[in-house]
Amino acid sequence: MTQVIMGGCDGENTWRLKDYVARGGYEALRKVLSGMTPDQVITEVKTSALRGRGGAGFPTGLKWTFMPKNYVGDKYVVCNSDEGEPGTFKDRDILRYNPHALIEGMIIAAFAMGATRGYNYIHGEIWSVYERCEEAIEEARSAGFLGNNILGSSFSFNLYNHHGYGAYICGEETALLESIEGKKGQPRYKPPFPATYGLYGKPTTINNTETFASVPWIIQHGGQAFLEIGRPNNGGSKMFSVSGHVNKPGNYEVPMGTPFATLLEMAGGMRDGRAIKAVIPGGSSMPVLPGHIMMQTDMDYDSIAKAGSMLGSGAVIVMDDTTCMVGMLERLAWFYHEESCGQCTPCREGTGWLYRIIHRIEHGQGRMEDLDLLLSLSDNIQGRTICALGDAAAMPVRSFVNHFRAEFEHHITHKRCLVGSAHSEKAA
Amino acid sequence: MALLNIEVDGQTTQVESGRTVMDAARQLGIKIPHFCYHRKLSIAANCRMCLVQVEKAPKPLPACATPAAEGMKVSTHSEYAVNAQKAVMEFLLVNHPLDCPICDQGGECKLQDMSVGYGGGASRFKEEKRVVANKDLGPLIATDMTRCILCTRCVRFGQEIAGIMELGVGGRGEHSEILAFVDQTVDSEISGNAIDLCPVGALTSKPFRYSARSWELTQHDSIGAHDGLGSNVVVQVKQNTKVMRVLPNNNDDVNECWLSDRDRFSYEGLNSADRLTTPLIKENGQWVEATWVEALQIVADAFNKIKDVQGADALGALVSPNSTLEELYLAQKLLRDLGSHHIDHRVRQSDFSLDAVQTNIPWLGLPVAQWPELKSCLIIGSSLRAEQPLLAVRLREAVRNGAQINLVNPFVDDLAMPVAHQLVGTPSQLPGLLAEVLQAVAALQNVTVSAALQPLMSHAPSAVAQGIAESLVNNSSCALFLGCLAQHHEAYGTLYAVTVELARILKAPFGVLGEAANSVGAVLAGAVPHRGPLGTHNAPGLDAQAMLSSPRKAYLVMGLEPELDCANPAAALAALKGADFVVALSAFRGQTPNWASVILPIAPFTETAGTFISTEGRVQSFKGAVAPQGQARPAWKVLRVLGNLLELEGYDFESVDDIRAELSHDLKALTKNSLGNELAAAPALKVRASLGTIERIGEVPVYQTDALVRRSPSLQASRLGSTVEVQINSALATRLNLKCGQNVRVRQGAGEARLSLRVNNAVPDGSARVPVGHPLTAQLNDANGVVNLEAAS
């Protein structure tokens, strides 16, 4: 099984430059600088069908073509390492165990788009990882992979780490840009898109850590080889962060299109051999799916969309039959309520309202009309906000209520949890 | 610019590329509900109230932030759009208190209005509402932050229009709240606009609070009376008797939708306890109330007697430039009909050398609406934000458009916008500094400075002067303006002459920043000694300074507080107290009993009809909003009756219209033809070496411009109003052994003032900023003189 990103890493001691070079690292950069044109790089990425690994799944090669070609002045590439989606912990491991893959990917991306400067925006809570990235960049700079006239070419590129302070909203790409600029992390209204008006008002492309980290392999082995690892329109391998009621939670890099059942087996199967109840296949903001549907689904963008959810960031949250879906949703709703930036009305006011209703239901104060109210409010939030946080808050609510409505109704009528003895009765 | 065809609600229109759906709808007269959008502010798109349906778009889009596209079809009131708008309204209301009955915004609240159209009859929200702590933003803005819908208009106003970020959004999500900086209030000179911008009752007017409901108030169009801009205002009156507040009236050519705090809050003074409501006369050394007939007869008799005994030359008149055109016209008519030309409104001016060479009326030189198009500009001697708060706003817009602002000033000024170059020196150095700029400009343009100004061309231009010159030369659309500090300067004529020469070489417009509501109108009316109405030239009389230094036997003083308004208060009081007879026409008692013989209560601008001509030459007439208080009468009526009692011909005016008609049947044309800043000849140059002592920079504090402003308790309590201090730089402070914050005694002539000292290196060495026009400094004399500083015991 080909692993694009973590192949050859032992998970602890192989993150340094010498180890990366020993694995064939920076060969892709040498290849690029010894004769490839920026267009050829972009074409290779397009061929690979690499799609944005941060959650939206936008074709990476196409995104790179949005950058203005003949722009006079600085252009930026920015890496979104602000991994804050509940259930997602893949970028942290890339930064920790293979940071040079990201650095090399960003250098190649900068070459392809004519960028002179890059920022790697790292989630605020993973300080030790930030420190390791600082070391890695310093290694790359000392070795001549970063800075002026890289490897003796006419191409110059500087890369800096920038750590945030843990606001989930700073993972939204324009809020991230605001944060780098030293402002309050709040999303910008789009258009204009970052490719025309990005960091400091300059053309900017923002990609996820895993996306950039996939690029060296694509250049080295060709886009077609990458595509063939996965499925048409869903190229490559992908890291899945499997968590929840499984025996071996962790990151698993598998080819796109791997059946969920296989992934679950790799993760050691269900804890205590219990029955699978539900799975959130792409991080907490994606719709939940009942376990029996997931067991029939493959792990790629198109298959999961067909099943009614989204691949998102690849965070697979597995829940067994002891899980109270009301309690689960309450916890998710609290997260979005807490992390809403407060800039625009539907999200600022709606996320708190959703949370309070679910909180009431969970605590035996629910009313039957609350369920339709939840769906109505979700409708009124989704698609009405400046950024996708509103959608992220609404989608779990709709899917939880729609797939597990009986459980919510039981909570309301019996003022206690359906899953029985696993949870004590809620105070009325 | 490419034009795009766009269809909104079935109507088609064309908009320029880069405009939004909101722009297109406004162009068609289609109203889209909104809160955060404001045409003068940047786009925030945060309220989401303006969501509309756009064909082929997968979700509703905010009209304010969606760029128009060719062939775009928009529905603003389809079921789809209205559902989205109603949903947003529901969200806005969930945490908004239902306290309209006790909210000052009630009746003029955008949220209230919109909720009628888009709100539900009952709320689906059954949870607890959010409560947000109120903030102390100072004496002008009251807060009820629980009502805030976080549209951020106030925040954007501060950053973009006022040029100073005093408010921001703290916290996140539901914990978001509008905040000032820790322990700071909102102190901008135009802060009150945030009240107008606030679509809800979160920010309301503190002075107006709980005093009336908006629907009780009648609206009267009027004109701002406290600077030269001529801001259009609405005076709001309760029960036809009391002015309750003043708001801006939109006029994009003048004040746009803004108003300075001075014009907004000074109405408080109208209802001051210090208002005069009865004529006062002196009987046996005691002030007693009198009838108008008695009081006016005493004035007429006294004037007649002094004229008969001493001659008309013994009569003089000092009048306020904030008086109406009609009042000023009658005042000078009365004086001139009595045979005297000693009338002046320029009471703060000290150099009148231009009078001999200036035939036209000095004005702004460039219409206000064209300011934002400037690419470079030089302002000479001005505390611009205090003098002309809204002209500073226009310049800020010019800077946003790429303009460079340059200053030649007696201190480094904070204009709350980027300033390219500031050439700073003590007052006595200013003519030389300006001449350096002239020299550099002439060199760059390769022309010779006119012979008359050659004596000034001695210094090699400094790097800053060179920078200013390059800024002016390299930016084709530039202009030069002389501020009030220049106009009050003892070498005003010299500064003016250099400016004329600069403008000639640069082929640039130049002008003066008119100090008062009627600075242009006063000259047109003839309230100056060297020029009668309509420009008719008479034997020149004595100017405002000469009238005091060569005291008259009788004075007519209209609308002034001489101990505060005159360039040399000590000299003014001495002259008035030494006169045989002084009639004071004043709305306020103030210090008048100390120097007047008869006190006649007159109506301030809200209680009389009249005309102001703004500094850009805009003729704006207005009507009284309320009847005069008590026995007070409009000054034009007083002067008219006085004319009758003096048995002068032609005082049968029935209305202000009659007075204007006598002046001209086409005042606008007359004004237009009379404006002109060119000089007939060069004035006598005045260059003074530094006096070697501490030169006084005598600027008028922002809230001490006239008697009405001085009587607004809220303005006086604000940080700008309550901060009265001496400012010197650290080098001078060290030499004088004085420390920042300590109390110092300022001595000038026989007078002294005790003020707090602030060490501020924006002030050049050898000079001190000591404000004029303030009661605390009223004992001092010459605004341009020298002062001594010492520690107060």
Size of segment A:61-190 as Cα extents on the principal axes (Å, biggest first): 42, 34, 26
Other-chain or far-sequence residues with amide H under 5 Å of B:Val512's (modelled H): B:Trp363, B:Leu364, B:Gly365, B:Leu482
Approximate shape of segment B:504-548 as ellipsoid semi-axes (Cα gyration tensor, √5λ), whole Å, largest first: 24, 14, 13
Dmax and Rg, reported as Rg then Dmax, of segment A:238-316 (C-alpha, Å): 10.9, 32
Length-normalised contact order of chain B in % [C-alpha pairs under 8 Å, at least 6 apart]: 13 percent
A:Asn161 long-range amide H proximity, modeled H, under 5 Å: A:Asn120
Kirkwood Rh in Å, taken over all unlike Cα pairs in segment B:481-640: 17.8 Å
Distance histogram in 5 Å bins (all Cα pairs of segment B:513-591, percent per bin): 3, 14, 20, 25, 21, 13, 4, 0
Longest DSSP-loop-exposure-free segment, chymotrypsin sites (Phe, Trp or Tyr not before Pro), chain A, at most 15 other Cβ within 10 Å: A:166-428
Of A:Lys190/A:Lys306; A:Lys306/A:Lys415; B:Lys282/B:Lys577, those spanning more than 25 Å from alpha-carbon to alpha-carbon: A:Lys190/A:Lys306; A:Lys306/A:Lys415
Dmax and Rg, reported as Rg then Dmax, of chain B (C-alpha, Å): 28.0, 92
Over segment B:630-713, equivalent-ellipsoid semi-axes from the Cα gyration tensor in Å: 38, 25, 15
Rg to Rh, two decimals, where segment B:112-253 supplies the alpha carbon set and Rh follows Kirkwood: 1.00
Projected-area mean, the protein assembly as shown, by convex hull of Cα positions, square nanometres: 54.6 nm²
Spatial extent of segment B:404-502: Rg and Dmax, with the Cα atoms as the point set, Å: 12.6, 39
Cα-based helix-to-principal-axis angle, A:38-48 vs chain A, degrees rounded to 10: 40 degrees
Mean separation of Cα contacts under 8 Å, 6 or more apart, over the residue count of segment B:545-700: relative contact order %: 13 percent
Rounded to whole Å, sorted largest first: equivalent-ellipsoid semi-axes of segment B:327-381, Cα gyration tensor: 32, 15, 10
Size of charge dipole - chain A - debye, nearest 20, with Cβ of Lys, Arg +1 and Asp, Glu -1, no other charges: 560 debye
Trypsin sites (Lys or Arg not before Pro) restricted to segment A:241-339 and DSSP loop, no more than 10 other C-beta within 10 Å: none
Inter-part distance where segment A:97-160 and segment B:486-521 are each reduced to a Cα centre, Å: 58 Å
Low-density loop cleavage sites - trypsin sites (Lys or Arg not before Pro) in segment A:98-194, where at most 14 other Cβ are within 10 Å (DSSP): A:Lys183
Exercise: per-residue mean of other protein chain Cβ atoms within 10 Å, B:142-154: 1
Alpha carbon centroid spacing (whole Å) that separates segment B:356-401 from segment B:4-60: 34 Å
Enclosed volume per residue, in Å³, of the convex hull spanned by Cα atoms of chain A: 129 Å³
Loop-located trypsin sites (Lys or Arg not before Pro) in segment B:716-785, at most 15 other Cβ atoms within 10 Å (DSSP): B:Lys739
Above-threshold pairs, the threshold being 22 Å between Cα atoms, out of A:Lys248/A:Lys277; B:Lys59/B:Lys86; B:Lys31/B:Lys129; A:Lys75/B:Lys40: B:Lys31/B:Lys129; A:Lys75/B:Lys40
Max mean-square fluctuation residue, GNM over chain A, Cα-Cα springs under 10 Å, options A:Ala305, A:Ala278, A:Ala109: A:Ala305
Under 18 Å from B:Lys238, Cα to Cα: lysines that are on another chain or at least 8 residues apart: B:Lys206, B:Lys623
Normalised convex hull volume, segment A:1-58, alpha-carbon set, Å³ per residue: 127 Å³
Projected label distance in nm at A:Trp127 and A:Ser153, using a 7 Å step from Cα toward the beta-carbon: 3.8 nm
Chain B - share of DSSP beta bridges that are antiparallel (%, nearest 5): 55 percent
Value of relative contact order over segment B:619-719, rounded to a whole percent, pairs C-alpha under 8 Å and six or more apart: 14 percent
Average projection area in nm² (convex hull over Cα atoms of segment B:29-79, one quarter of hull surface): 4.0 nm²
Positive dipole terminus of chain A, leading residue within A:Val397, A:Cys79, A:Thr413 (C-beta point charges): A:Cys79
10 Å Cβ shell holding at most 14 others, DSSP loop, GluC sites (Glu not before Pro): longest site-free stretch of chain A: A:182-424
Hydrodynamic radius of segment B:1-107 per Kirkwood, over alpha carbon pairs, in Å: 14.6 Å
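Values quoted throughout were computed directly from the atomic coordinates according to the rules given, and no laboratory measurement underlies them. Just so it is clear, the model here is predicted, and its values are computed rather than measured. Reconstructed Cβ throughout: ideal geometry from the backbone, glycine too, with neighbour counts over all protein chains shown.
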